[in-house]
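Down below is the structure, laid out as structure tokens.
The values are calculated or read from the model by the stated rules, or taken from the named source; none is laboratory data. Remember, predicted model here, so these are calculated numbers, not experimental data. Heads up, the Cβs are rebuilt from the backbone with ideal geometry, glycines too, and the neighbour counts pull from every protein chain shown.
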Amino acid sequence: MQNEQTSTFAAAPFIKEIGRGKDGARSLSRDDARLMYEAMLDGRVSDLELGGILLAMRIKGESVDEVGGFLDAAEASFPALAAPPSAQFSDYAPVVLPSYNGSRKMANLAPLLCMLLVQRGVPVLMHGVTHDPQRVTSAEIFSALGISHAASAGEAQALMAAGKPAFIPIRALAPKMARLLDMRRILGVRNSTHTLVKIMQPFAEPALRLVSYTHPEYLEMLSDYFGNAAPHARGDAFLMRGTEGETVANAHRAQRIDWFSRGARTVLVEKQSVAQDLPDLPEGRDAETTAAWIASVLEGRRPVPEAIAEQVEHCVRVSADIRRRG
């Protein structure tokens, strides 16, 4: 419920702009988008108006300015993390790995990507949901591996400083955003926050963001955002079509990966056809089976899928490049 002790936000003028349907709606300016989303995060929008905003944006689709404004407010809603001070991480900028989809048809190998980067000395912050009734989440796989979740940003920073994988639930990292994510259970559909958690940069220092999209229209919008609207001082981004929504290369068929750095776009990986020789992958998709298979890869008893190994190399190289640039 809305906190009656805070000033309410008059959302009607904003809904009038965005609520006229897919063809009649107009997009908000970046400043107006920031003001509206800030009020949504702070609980200053009535439940009725909040539902109207979320559904209007779902129908209309976010513009680049709106995503920029929403993200400005979102990243200001929680304390920024500090990159690990340990000397062993001095060569690499942090890698931000969101995990909000999990797997439904194939094994979720996003935790493998995280662990492989950590093995190379790269600090990785993985954030996401802990449970999805229809999917196997990265959080569940980490638990099956015996790796505890960070309960706070401070714990996540300590894990990275110790050279360990750091998975933090979104509720612990950005509780105001988690509340808006939970609106899916009430409305039955995703909202703009599901896009924001996949592109936000939680660090005060420059970092490498791994970003995925699921629908073609988001490729165009996010390419425009990272190419023209994203603050260059926040670091770089890899953009790719998700593997069931997760930002890990598909072991069966590697996706195209675009690298955005200071406004320039470079194709790192071209889209590949289905591999003739299928890689050795988990026989099941449940958390325990996936965790056991990941452990065997990390111990060198199974090979790393080629597409994921290539993704790791690109992450290591660009992370080092970001750190050198300062």
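Look through the range 22-32, keep the residues that are under 28 Å from the mean Cα position of the chain (by Cα) and assigned to a helix (DSSP H, G or I), and return whichever of them is surrounded by the most Cβ atoms within 10 Å (Cβ to Cβ). So, considering only residues that are under 28 Å from the mean Cα position of the chain (by Cα) and assigned to a helix (DSSP H, G or I), the one surrounded by the most Cβ atoms within 10 Å (Cβ to Cβ) is Arg30.
For (1) touching a residue at least 60 places away in the same chain (Cβ under 8 Å); (2) of a type outside the set (Asp, Glu); (3) part of a helix (DSSP H, G or I); (4) surrounded by 23 or more Cβ atoms within 10 Å (Cβ to Cβ), each residue gets a yes or a no:
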{"residue": "Asn108", "(1), (2), (3), (4)": "yes, yes, no, yes"}
{"residue": "Leu113", "(1), (2), (3), (4)": "yes, yes, yes, yes"}
{"residue": "Leu117", "(1), (2), (3), (4)": "yes, yes, yes, yes"}
{"residue": "His127", "(1), (2), (3), (4)": "yes, yes, no, yes"}
{"residue": "Thr130", "(1), (2), (3), (4)": "no, yes, no, no"}
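Of the residues making up the range 146-184, those that are surrounded by 18 or more Cβ atoms within 10 Å (Cβ to Cβ), touching a residue at least 40 places away in the same chain (Cβ under 8 Å) and in contact with a Pro (Cβ under 7 Å, 6 or more places away or on another chain) are Ala153, Gln157, Met160, Leu173. I'd like the residue in the range 204-258 that is among the hydroxyl-bearing types (Ser, Thr, Tyr) and in a loop (DSSP other than H, G, I, E, B) and, out of all such residues, is farthest from the chain's Cα centre (by Cα). The qualifying residue farthest from the chain's Cα centre (by Cα) is Thr214. Would you please name the residue that is nearest to Glu299 (Cα to Cα), looking only at residues in the range 76-102 that are surrounded by fewer than 24 Cβ atoms within 10 Å (Cβ to Cβ) and among the polar types (S, T, N, Q)? If we take residues in the range 76-102 being surrounded by fewer than 24 Cβ atoms within 10 Å (Cβ to Cβ) and among the polar types (S, T, N, Q), then Gln88 is nearest to Glu299 (Cα to Cα). The residues of the range 187-203 that are assigned to a loop (DSSP other than H, G, I, E, B), farther than 22 Å from Asp42 by Cβ and either touching a residue at least 60 places away in the same chain (Cβ under 8 Å) or basic (Lys, Arg) (or both) amount to a single one, Val189.
Residue-by-condition table, conditions (1) over 21 Å from Arg44 (Cβ atoms); (2) in a loop (DSSP other than H, G, I, E, B):
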position: Ile59; (1), (2): yes, no
position: Glu66; (1), (2): no, no
position: Gly69; (1), (2): no, no
position: Ala73; (1), (2): no, no
position: Pro79; (1), (2): no, yes
position: Ala83; (1), (2): yes, yes
position: Tyr92; (1), (2): yes, yes
position: Val96; (1), (2): yes, no
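Summed over the range 33-47, the residues that are over 24 Å from the mean Cα position of the chain (by Cα) and among the charged types (D, E, K, R) give a count of 2. Tell me yes or no: at least one residue of the range 134-144 is small (Gly, Ala, Ser), modelled with pLDDT of 95 or more, surrounded by 17 or more Cβ atoms within 10 Å (Cβ to Cβ) and part of a loop (DSSP other than H, G, I, E, B). Within the range 134-144, not a single residue is small (Gly, Ala, Ser), modelled with pLDDT of 95 or more, surrounded by 17 or more Cβ atoms within 10 Å (Cβ to Cβ) and part of a loop (DSSP other than H, G, I, E, B).
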